[in-house]
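The values are calculated or read from the model by the stated rules, or taken from the named source; none is laboratory data. What you see is a predicted model, and the numbers here were worked out from it, not measured in a lab. A quick note on method: Cβ atoms are made from the backbone with ideal geometry, for glycine too, and the neighbour counts reach across all protein chains shown. Keep in mind that these areas ignore ligands, DNA and RNA; they rest on the heavy atoms of the full protein, side chains included. Shrake-Rupley method; radii C 1.70, N 1.55, O 1.52, S 1.80 Å.
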Amino acid sequence: MKPSIIFDFDGVLANSEIIALAELQILLQEYGIEVEMPALIEKFLGASLPQITSFVTEHTGKNVQNEFHATWYERLFTRYEQELEPVSGAIELLDWLDAENVKYCIASGSSYRRLSFALECISLTERFKDRAFSAESVCIGKPEPDIFLFAADQLGVFTNKCIVLEDSFSGTIAARRAGMPCIGFVGGGHLSTTSDSHATRLKTAGAQEVIQSHAEFRSILEPAMNK
């Protein structure tokens, strides 16, 4: 039986993390919180918006949820419209999976609002119709396994027949806890200067392999497609 693929979205299919992390760093500074980019990646890559606003509240003592959400989405979406592109090789990989009749979906820590907007910006809305799932659909996000288990259930596949492609430490842990083999991905623009150290973190979290391109992912998958 061919495996099914569960993709993280930001930094794996969409080159969005390089935008989001830059804007997050600026916004945190406006709340008086200074975080260097390597630490920002380590702490917030794969984090949900409620996790981020909880962090801000802890450091400021203020409930910033509403104002943070409004500012965050306004800035992020403005840049998405102008700059967002698919990760190199992602479209070609999806075309190949379609040709091989492989089931696939997205399981993202992002909100449905952000996920939907980004998919539209990179012209993938129709391709992932009814196959793009947000952590908003489960009680607890990554690193808990709920979103991956939910995605497999919605896709109608067994969890042990899924392979996860993930760029975050928390997402890799979540995949492992879901009982799904995970391939770490460090080909997003946000990891261009830290790919080696981040690859080590992903392996520590449980990634079976770590790759830098979607072409590498295809080469891993191809033997399973020919069985």
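Filter segment 9-32 down to residues that are touching a Ser or Thr at 6+ places or on another chain (Cβ under 6 Å) and closer than 19 Å to Thr172 by Cβ, then give me how many there are. Can you show your working first?
From segment 9-32, those touching a Ser or Thr at 6+ places or on another chain (Cβ under 6 Å) are 9-10, 31; that's our starting set.
With the extra rule that they be closer than 19 Å to Thr172 by Cβ, the set shrinks to 9-10.
Residues flagged as touching a Ser or Thr at 6+ places or on another chain (Cβ under 6 Å) and closer than 19 Å to Thr172 by Cβ within segment 9-32 amount to 2.
One line per residue, one yes/no per condition, for (1) buried (at least 18 other Cβ atoms within 10 Å of the Cβ); (2) in contact with a Cys (Cβ under 8 Å, 6 or more places away or on another chain); (3) touching a residue at least 60 places away in the same chain (Cβ under 8 Å); (4) within 24 Å of Thr172 (Cα to Cα):
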| residue | (1), (2), (3), (4) |
| --- | --- |
| Glu34 | no, no, no, no |
| Val56 | yes, no, no, no |
| Asn63 | no, no, no, no |
| Val87 | yes, no, yes, yes |
| Cys105 | yes, no, yes, yes |
| Gly141 | yes, no, yes, yes |
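Select from segment 198-227 the residues that are part of a helix (DSSP H, G or I) and β-branched (Val, Ile, Thr) and write down the one among them that is most open to solvent (accessible area, probe 1.4 Å).
Checking each candidate, the answer is Thr204.
Among the residues of segment 32-61, what is the count of those that are in a loop (DSSP other than H, G, I, E, B) and touching a helix residue (DSSP H, G or I) at 6+ places or on another chain (Cβ under 8 Å)? Before you say what the answer is, go through the steps one by one.
First, pick out the residues of segment 32-61 that are in a loop (DSSP other than H, G, I, E, B): 32-36, 45-48, 61.
If we keep only those that are touching a helix residue (DSSP H, G or I) at 6+ places or on another chain (Cβ under 8 Å) as well, we get 32-35, 45-48.
Residues meeting the conditions: 8.
Residue check, Leu93 against (1) among the aliphatic types (A, V, I, L, M); (2) closer than 29 Å to Thr193 by Cβ; (3) surrounded by fewer than 16 Cβ atoms within 10 Å (Cβ to Cβ), all met but one. Which one?
Answer for Leu93: the failing condition is (3).
Within segment 156-197, track down each residue that is assigned to a helix (DSSP H, G or I), under 19 Å from Leu221 (Cα atoms) and either of a type in the set (Ser, Thr, Tyr) or open to solvent by 10 Å² or more (accessible area, probe 1.4 Å) (or both).
Thr159, Asn160, Lys161, Thr172, Arg176
Among the numbered criteria (1) under 20 Å from the mean Cα position of the chain (by Cα); (2) open to solvent by 10 Å² or more (accessible area, probe 1.4 Å); (3) at pLDDT below 95; (4) not polar (S, T, N, Q), which single criterion is violated by Leu24?
Among (1) under 20 Å from the mean Cα position of the chain (by Cα); (2) open to solvent by 10 Å² or more (accessible area, probe 1.4 Å); (3) at pLDDT below 95; (4) not polar (S, T, N, Q), the lone unmet condition for Leu24 is (2).
All but one of (1) buried (at least 18 other Cβ atoms within 10 Å of the Cβ); (2) in contact with a helix residue (DSSP H, G or I) (Cβ under 6 Å, 6 or more places away or on another chain); (3) modelled with pLDDT under 95 hold for Ser110; state the number of the condition that does not hold.
(2)
Restricting to segment 169-206, name every residue that is small (Gly, Ala, Ser), in contact with a strand residue (DSSP E or B) (Cβ under 9 Å, 6 or more places away or on another chain) and closer than 13 Å to Gly46 by Cβ.
Within segment 169-206, Gly171, Ala174, Ala175, Gly184, Gly188, Ala205 meet the criteria.
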